[in-house]
1. May I ask which of 120/228; 298/320; 228/298 have a Cα-Cα span longer than 19 Å here?
2. Would you please give the residues with an amide H less than 5 Å from that of residue 317, counting only those at least 5 places away or on a separate chain, with H modeled from the backbone geometry?
3. How charged is the neighbourhood of residue 237? Take every other residue with its Cβ under 12 Å from the Cβ of residue 237, and add Lys/Arg as +1 and Asp/Glu as -1.
4. Quick one: grab the alpha carbon gyration tensor of region 47-283, order the square roots of its eigenvalues as a ≥ b ≥ c, and give me rounded if a/c is under 1.5, else prolate or oblate depending on whether a/b is larger than b/c.
5. As an exercise, use a Förster radius of 25 Å and the Cβ-Cβ distance of residue 11 and residue 375 to find the FRET efficiency, rounded to the nearest 0.05.
6. Could you check which residue among 190, 352, 333 shows the biggest mean-square fluctuation in a GNM of the chain with a 10 Å Cα cutoff?
7. Cα centroids of region 290-305 and region 1-39: how far apart, whole angstrom?
8. Return the single residue from 105, 359, 59 with maximal mean-square fluctuation; model: Gaussian network over the chain, springs between Cα atoms under 10 Å.
Amino acid sequence: MELFNVYPLNDITPVRALGAQLWDDKGQQYLDFYGGHAVISIGHSHPHYVQRLTEQVQKIGFYSNSVHIPIQRELAQKLGEVAGYPDYTLFLCNSGAEANENALKLASFHTGKSHVIAFKGSFHGRTSGAVAATDNPKIVAPFNANHSISFLPYDLEEVERLIQEKPTCAVIIEPIQGVGGIIMPSDEFLQGLDELCRANGVVLIADEVQCGYGRSGKFFAHQHAGIKPGIISVAKGMGNGFPIGGILISPEFKASYGLLGTTFGGNHLACAAAVAVLEVIEQENLLEHASQMGEYLKQELLANGDAQEVRGRGLMVGLKYDFPIKNVRDQLLTEHHIFVGNASDPTVLRLLPPLNIKKEEIDQFLQALYTLVAAEAEAKTA
Ligand code: PMP
């Protein structure tokens, strides 16, 4: 059987990785400034992570949610502590889209309403329910889950008008848009949204699948605005490559048997990976490190002045140029052996290095970037 061919692939076969470094089957070394869509949080094959997973699989790797799985409680406890949400509860699933689907479903059950407000350019997943909340015409199929969703600009008056007009269960927002091109609603907008939702009995869902888990320099990106959403969805960096997702749920939501469910969610191995990630974040003080390295990267990029805009927070950085970045991105990979990301805006380069990236690795990336952008500018004027 062949694979269903939906991914355009770079002709690279990584066989080994450590920290922010990868090696392919020909022995070529690469610097990873992308982490496979923001998944690599604590660095590839971190020794503590490898040890935790190995020890777990030697004991038990999986059993379904029909028995006690104490490592789920350990994870919930630790996440509550590290993220600053000790009073929330945790539902575990396997991916970002699944987390958002469960968040939307829970909001709808809780309020008895069905309309959802999302924002222009947002990305919340590719399964039918989550994709309904994704503003990307390329991935929305004619078949859509049975929600009514509106995509609005970051405009509080429009949000308020629509909440009054339609029976709205949830507002879902990425506190920093990832796929959309590292777009940030202002802190004031997030605060206003939080207030509007509270005043109108609407659930505010923060999609922290990409911007959460320390990426912005705080555990969650919405914490920069000092708000407390009703539901927070997580995945990607949570397992550092092991598939796991979840939603953090405010105490006002009541659980009941059968309300949500999944076969694989919260299995022993996934939880061991997620606990290891939190332990490393804590032990290595990675929030502080991400914040400092992010600031260094941003200041260097601003001082260089090639990019029209340097967007984002911490180690979630978007560089907007006045030309399509495809060539620069391709050459970073083929000539300088550095992985970076793109966005739905073809003029934006997306940087998502591991949270423990070293200053020398940032310098290596900057040198390569400056050379390529200068060559691109020269070619344009020639
Ligand atoms: N939400 C956001 C903000 C994302 O960036 C993504 C993935 N790019 C998703 C949800 C979907 O996550 P997954 O691919 O794990 O389903």
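Since every read-out is calculated from the coordinates, none of them should be taken as a lab result. Worth saying up front: this structure is predicted, and the values here are computed from it rather than measured. Note: ideal-geometry Cβ built from the backbone for every residue, glycine included; neighbour counts use all protein chains shown.
1. Exceeds cut-off: 120/228; 228/298.
2. Those lying under 5 Å, H to H, from residue 317 are 351.
3. Net of charged neighbours comes to +1.
4. prolate
5. Efficiency at R0 = 25 Å is approximately 0.65.
6. 333
7. The two parts, judged by their Cα centres, are 26 Å apart.
8. Comparing 105, 359, 59 in a Gaussian network model of the chain, the most mobile one is 59.
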